[in-house]
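> Got a structure for you, written out below as structure tokens; questions coming shortly.
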Amino acid sequence: MNLAARPTFRFAPSPNGALHLGHAYSALMNQRLAGEAGGRLLLRIEDIDLTRCKPEFETAMREDLDWLGIAFSEEPRRQSKHLDDYADALAALEARGLVYPCHCRRAEIARSNCGLRDPDGAPLHRGRCVAVPAVEAGRRAAAGERSAMRLDVSRALSSLAAPLTWREFGEGARERIVAADPAAWGDVALRGRGQPANYHLAVVVDDALQEIGDVVRGRDLYAATSVHRLLQALLGLPEPRYRHHRLVLDANGDKMSKSASSTPLRVLREAGFAAGELRSALGFGATAASGLAVRFS
Ligand code: GLU
């Protein structure tokens, strides 16, 4: 059997904190779907943010995943080892005039855009650096300040031959065609001022290189799929199926995050919970009830 032809799934955590129940749900969902499809499950370490990601978080993450009983088909792909792949993709977009350097700072973008925000709540960049006059941008560049690289979203959209959509399955079997809306993100940065690439660019390059056919991840990334589909179309990359699953909520009813209110898996383990109890509490096992109540979005 040609391994690459097998359905391929991935779990793609960022080692910038401890894994919590939300990560466990996502990893278990990927494991279940890969198993049902007779496919492969890959681990990708999304450590592109070199300032926040730490090797000790990665070690702890691997221990948590082992404890949960989640095995991967191959050694992980680590983004920090593949920066050339992201630089090549950016260069391809630059050669077509679809990205441009930007010296705007976050506060300057916020002042220039009447309070507009992108779907993640960050100030929305409306285009071609209205906030910072060219002379000032030149001064910053001459002073050695690295620029961000932004996608010219209107030029990118007008270069497409067909409307942009994606295939969404949620947690079910029925497909829904969703109209992508990348313009909601404005001229999104594909490389930050201090980064080799940002999440959006790295994730589409990696999903294509790893031949991921099914992207299974939390609903918090639903809106980002619009940008991912645009980049896939521009870079000529294949379109995966998307399965955005519900989110696990913390005690305050907020989505789990790497903040204090979301109990890390390690703490649950040290408190005496067995992996089977945790899997059952999340809906992936038959072990008797543990008293661990899980709330979903
Ligand atoms: N690295 C992202 C996270 O930890 C997941 C990205 C993805 O699944 O596309 O939230």
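The values are calculated or read from the model by the stated rules, or taken from the named source; none is laboratory data. The structure displayed is predicted, hence computed values, not measured ones. Virtual Cβ from ideal backbone geometry, glycine too; neighbours counted across all protein chains shown.
> Does region 86-103 contain any residue that is within 30 Å of Glu270 (Cα to Cα), in contact (Cβ under 8 Å) with a residue 24 or more places away in the chain and within 16 Å of the ligand (Cβ to nearest atom)?
Checked region 86-103: no residue is within 30 Å of Glu270 (Cα to Cα), in contact (Cβ under 8 Å) with a residue 24 or more places away in the chain and within 16 Å of the ligand (Cβ to nearest atom).
> For residues that are farther than 15 Å from Ala156 by Cβ and surrounded by fewer than 16 Cβ atoms within 10 Å (Cβ to Cβ), scanning just region 90-104, find the one that is farthest from the chain's Cα centre (by Cα).
Going through the qualifying residues, I end up with Pro101.
> Related question: Have a look at Phe296, Phe273 and point out the one that is hydrophobic (A, V, I, L, M, F, W, C), at pLDDT 80 or above and within 18 Å of Arg219 (Cα to Cα).
Phe296
> Hey, another quick one. Condition first: away from the ligand (no atom under 15 Å from the Cβ) and touching a helix residue (DSSP H, G or I) at 6+ places or on another chain (Cβ under 8 Å). Can you find one or more residues in region 236-252 that meet it?
yes
> Which ones in region 121-134 are under 23 Å from the mean Cα position of the chain (by Cα) and surrounded by 13 or more Cβ atoms within 10 Å (Cβ to Cβ)?
Correct list: Ala122, Pro123, Leu124, His125, Arg126.
> Residue pairs, Cβ under 7 Å, 6 or more apart or interchain, first in region 270-296 and farther than 20 Å from Ala18 by Cα, second part of a loop (DSSP other than H, G, I, E, B) and not aliphatic (A, V, I, L, M). List them.
Ser280/Thr287; Ser280/Ser290; Ser290/Phe273
Residues checked against (1) in contact with a helix residue (DSSP H, G or I) (Cβ under 7 Å, 6 or more places away or on another chain); (2) of a type outside the set (Val, Ile, Thr); (3) within 24 Å of His200 (Cα to Cα); (4) not in a helix (DSSP H, G or I):
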site: Ala24; (1), (2), (3), (4): yes, yes, yes, no
site: Leu43; (1), (2), (3), (4): no, yes, yes, yes
site: Thr51; (1), (2), (3), (4): no, no, yes, yes
site: Glu56; (1), (2), (3), (4): no, yes, no, no
site: Glu74; (1), (2), (3), (4): no, yes, yes, yes
site: Asp85; (1), (2), (3), (4): yes, yes, yes, no
site: Asp88; (1), (2), (3), (4): no, yes, yes, no
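> Turning to a different aspect of this structure: Of Leu43, Leu28, Leu50, which residue is more than 11 Å from the ligand (Cβ to nearest atom) and within 15 Å of the chain's Cα centre (by Cα)?
Leu43
> If Gln79 satisfies all but one of (1) surrounded by 13 or more Cβ atoms within 10 Å (Cβ to Cβ); (2) at pLDDT 95 or above; (3) over 20 Å from the mean Cα position of the chain (by Cα), what's the number of the condition it fails?
(3)
> To continue, here is another question. Collect the residues in region 211-226 that are out of contact with any Lys or Arg (no Cβ under 6 Å at 6 or more places or on another chain), farther than 23 Å from Met256 by Cβ and either of a type outside the set (Ser, Thr, Tyr) or near the ligand (Cβ under 10 Å from one of its atoms) (or both), keeping them in residue-number order.
Within region 211-226, Glu211, Gly213 meet the criteria.
> Out of region 177-208, which residues are hydrophobic (A, V, I, L, M, F, W, C) and within 14 Å of the ligand (Cβ to nearest atom)?
Answer for region 177-208, where residues must be hydrophobic (A, V, I, L, M, F, W, C) and within 14 Å of the ligand (Cβ to nearest atom): Ala197, Leu201, Ala202, Val203, Val204, Val205, Ala208.
> Regarding region 4-14, can at least one residue be identified that is touching a residue at least 60 places away in the same chain (Cβ under 8 Å), assigned to a helix (DSSP H, G or I), within 14 Å of the ligand (Cβ to nearest atom) and over 28 Å from Gly192 (Cα atoms)?
no
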